[in-house]
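Student: One structure, pasted below without further comment.
The values are calculated or read from the model by the stated rules, or taken from the named source; none is laboratory data. Only a predicted model underlies this, so the values are computations on that prediction, with no experimental measurement involved. Cβ placement follows ideal geometry from the backbone for every residue including glycine, while neighbour counts extend to all protein chains displayed. All accessible areas refer to the heavy atoms of the entire protein, side chains included, with ligands and DNA or RNA removed. Shrake-Rupley method; radii C 1.70, N 1.55, O 1.52, S 1.80 Å.
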Amino acid sequence: MDTTVRINNTPPNHIAIIMDGNGRWAERRGLSRLDGHKAGLENARQIIRHLNSLGVKYVTLYSFSTENWKRPDAEIKGLFGLINDIMSSYIPELVENNVRLKHLGHLDKLPSVLKDKLADLLSRTSQNTGLTLCLAFDYGGRDEIIQAVKKLVKDGLAADKITENVFDGYLYTAGIPEADLVIRTGGEMRLSNFLLWQSAYSELYFSEVMWPDFGEKEIDKAISAFNQRQRRFGGL
């Protein structure tokens, strides 16, 4: 037996989640896709509570990708409405539980009501020192890298001054540690343009369980699997 295998139950410092399967979960139950998104958002709320109780320091949720704009307008509008509602009800809980919110991605395409609500959440939680919840909303990994390069060029950095650490500071996740564990639910086995730079050495965990059913037991199972793996980061 290799005694270097992790066998403790310490949760990862940063867990990133691709919350997939809401639509299929709803369709299998004869419900609308919007019902699936509603169930998925409520599950996200429960999972954040659980991870906060476990002592996880950073959680990133892939909430809406740059590619999701290709979906039907009615579905997008309905999803934005649900997100607006849950933000309204979630503000007191985030503040009370010392959770800090960060946004990763663009804001310019979002409805003004949603932008204002998000800005309020970011402001009211900015001084919190507990779990940091990163919402990847209108986010794409390739786009993030391109935006970082544009900022580097605009700032006039010489090529020999650009290091990985410098580049990190130009990403949406500046100041946030790289993801230790990336979880994808819903049976797909790809990153789908999520945290491409930040997941270079992440442990990946794929589950057949649809996101609305991915509860505390499932997240604990993922953490347990993480703790059985060796992380060598290219070494021996």
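Student: Give the residue that is least open to solvent (accessible area, probe 1.4 Å), with candidates limited to residues of region 202-236 that are among the aromatic types (Phe, Trp, Tyr), modelled with pLDDT of 95 or more and not in a helix (DSSP H, G or I).
Tutor: Phe214
Student: Another question, then. For region 70-109, name all the residues that are modelled with pLDDT under 85, open to solvent by 50 Å² or more (accessible area, probe 1.4 Å) and among the hydrophobic types (A, V, I, L, M, F, W, C).
Tutor: Val95
Student: Against the definition (without any contact (Cβ under 8 Å) to a residue 12 or more places away in the chain and either among the hydroxyl-bearing types (Ser, Thr, Tyr) or buried (at least 19 other Cβ atoms within 10 Å of the Cβ) (or both)), how does Thr125 come out, yes or no?
Tutor: No; evaluated as a whole, the condition is false for this residue.
Student: Still on this structure: Among the residues of region 59-80 satisfying the criterion of being of a type outside the set (Val, Ile, Thr) and in a strand (DSSP E or B), which is farthest from Gln46 (Cα to Cα)?
Tutor: Ser65
Student: Which one of the conditions (1) within 26 Å of Asp35 (Cβ to Cβ); (2) hydrophobic (A, V, I, L, M, F, W, C); (3) without any contact (Cβ under 8 Å) to a residue 40 or more places away in the chain does Leu204 fail to meet, given that it meets all the rest?
Tutor: (1)
Student: Still on this model: For region 24-70, how many residues meet the condition of being among the small types (Gly, Ala, Ser), in contact (Cβ under 8 Å) with a residue 60 or more places away in the chain and over 18 Å from Val209 (Cβ atoms)?
Tutor: Looking only at that region, the number is 2.
Student: For region 152-187, name all the residues that are farther than 29 Å from Thr10 by Cβ and surrounded by fewer than 14 Cβ atoms within 10 Å (Cβ to Cβ).
Tutor: Val153, Lys154, Asp155, Gly156, Ala158, Ala159, Asp160, Lys161, Ile162, Thr163, Val166
Student: Working carefully through the options Leu118, Leu101, find the one that is hydrophobic (A, V, I, L, M, F, W, C) and within 19 Å of His14 (Cβ to Cβ).
Tutor: Leu101
Student: Open to solvent by 60 Å² or more (accessible area, probe 1.4 Å) and small (Gly, Ala, Ser): is that true of Ser65 in this structure?
Tutor: Here the answer is no, as Ser65 does not meet what is asked.
Student: Any residue in region 92-119 that is over 22 Å from Leu196 (Cα atoms) sitting within a Cβ distance under 8 Å of a residue that is assigned to a strand (DSSP E or B) and polar (S, T, N, Q)? List the pairs, counting only those 6 or more apart or interchain.
Tutor: As it stands, the answer is Val99/Thr132; Arg100/Thr132, since those pairs meet every condition given.
Student: Filter region 112-159 for residues that are more than 25 Å from Ile83 (Cβ to Cβ) and among the basic types (Lys, Arg) and give the result.
Tutor: Lys150, Lys151, Lys154
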